[in-house]
Ligand code: PBG
């Protein structure tokens, strides 16, 4: 693209900004409820809504309330909800067996949502960390995270989610080879309809802190995740990972976290043109919400501006804890 304009005063950029009508006509990007995926935290019980201190406004919900949340989201035009379980510490083991239990919290929630709110797409998380006594996304032996042994477990986890009715499988573990292994297993088991949204470029980030509180993994985690999540200094590597995952059968790809990595999103969209998503992670949510609650920024405007930034960078959609708030603001015509 080679934008051309005459010299001032023939060109005055302010002409096209002078009224809401002209601003609307020249707006390049849009944000709608249809661009949002809502991550929710699931817990045991009935009628339970347990606030998460580091994510004001977000709570862990029992399955019955997750179903209500899904219905609310569908009513707002949000196309997908993404489930993250808060696993009872007594169910965490070194073998992570709860991850592929057909009746684990995630799988029960999937079935309940699909039965009662069939129109909303259900996305899941594939990684062992909520079930692992060590808090890591893969099996740990002698302090090392095992890649190939973990793949078999991830496949079992993904198959259990697909059998429960998941529409989109989201491998977030960053083991090598998992997309190919999961895709092959899904096809072999007759789950041709199930999509894979790969957390392809996932960085070892400080912005996941509140999430680890939310799923109860902060206390469990030994060490860090730098041997499998990406170095925040790298950009070319992200392109290689995205290409690799697309070649292994990913339908959609994600960059995570979001706002500090808008450059990666733009490169990925330009290079591959695949359906591309960002995860506006827990720490990003907490920063905006925390500042808003202190009266330091206009929370709603900052929320909407941050989400539009993802669209401008090339995202087809965004996973965001703000999804229902954003959808309501958009519906009310405030964006
Ligand atoms: C773990 C997982 C994480 C998030 C989604 N899946 C945390 C991590 O990798 O430690 C983070 C999401 C957020 O911070 O909102 N498989």
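Residue 291 versus residue 115, label points 7 Å from Cα toward the beta carbon: distance in nm?
Going from the residue 291 label point to the residue 115 one covers 4.4 nm.
If each of residue 90 and residue 144 carries a label point 7 Å out from its Cα toward its Cβ, how far apart are those two points in nm?
3.5 nm
Per 5 Å bin from zero, what fraction in whole % of the C-alpha pairs of the range 24-161 is there, up to the bin with the longest pair?
In whole percents, the pair-distance histogram is 2, 10, 17, 19, 17, 13, 9, 6, 3, 2, 1, 0, 0.
If I take R0 = 51 Å and measure r between the Cβ atoms of residue 188 and residue 221 in this structure, what FRET efficiency does the formula 1/(1 + (r/R0)^6) give, to the nearest 0.05?
Rounded to the nearest 0.05, the efficiency is 0.95.
Which three semi-axes in whole Å describe the equivalent ellipsoid of the chain, each the square root of 5 times a Cα gyration tensor eigenvalue, listed largest first?
Taking √(5λ) for each eigenvalue gives 34, 23, 19 Å, largest first.
Rounded to two decimal places and with Rh computed the Kirkwood way over Cα pairs, what is Rg over Rh for the range 108-176?
1.06
Please give, to one decimal in nm, the separation of the simple spin-label points placed at residue 271 and residue 331, each 7 Å out from Cα toward the Cβ.
3.9 nm
Tell me the angle of helix 148-164 to the major Cα principal axis of the chain, expressed in degrees between 0 and 90 and rounded to the nearest ten.
80 degrees
Which order, highest average first, do 291-304, 108-121, 246-259 follow once you tally other Cβ atoms within 10 Å for each residue and take the mean per peptide? Can you show the working numbers first?
Values: 291-304: 14.9, 108-121: 18.4, 246-259: 21.4.
Order by mean packing, descending: 246-259, 108-121, 291-304.
When the chain is fully extended, how far beyond the present Cα-Cα distance does residue 176 get from residue 243, taking 0.36 nm per residue of separation?
22.8 nm
Give, in nm to one decimal, the length gained when the segment between residue 8 and residue 263 is fully stretched (0.36 nm per residue of separation minus the Cα-Cα distance).
Roughly 88.7 nm would be gained on extension.
Estimate the FRET efficiency between residue 1 and residue 24 by the formula 1/(1 + (r/R0)^6), using the beta-carbon distance for r and 25 Å for R0, to the nearest 0.05.
In this case the efficiency is close to 0.70.
Using only helices, what value at 222 nm comes out for the chain when you add -39,500 (n - 2.57) per DSSP H run of length 4 or more and divide by the total residues, to the nearest 500 deg cm²/dmol?
Result for the chain, helices only: -11500 deg cm²/dmol.
No lab work stands behind these numbers, since they all come straight from the coordinates. Given the structure is predicted, the values throughout are model-derived calculations rather than measurements. Counting neighbours? That spans all protein chains shown, and the Cβs are built from the backbone with ideal geometry, glycine included.
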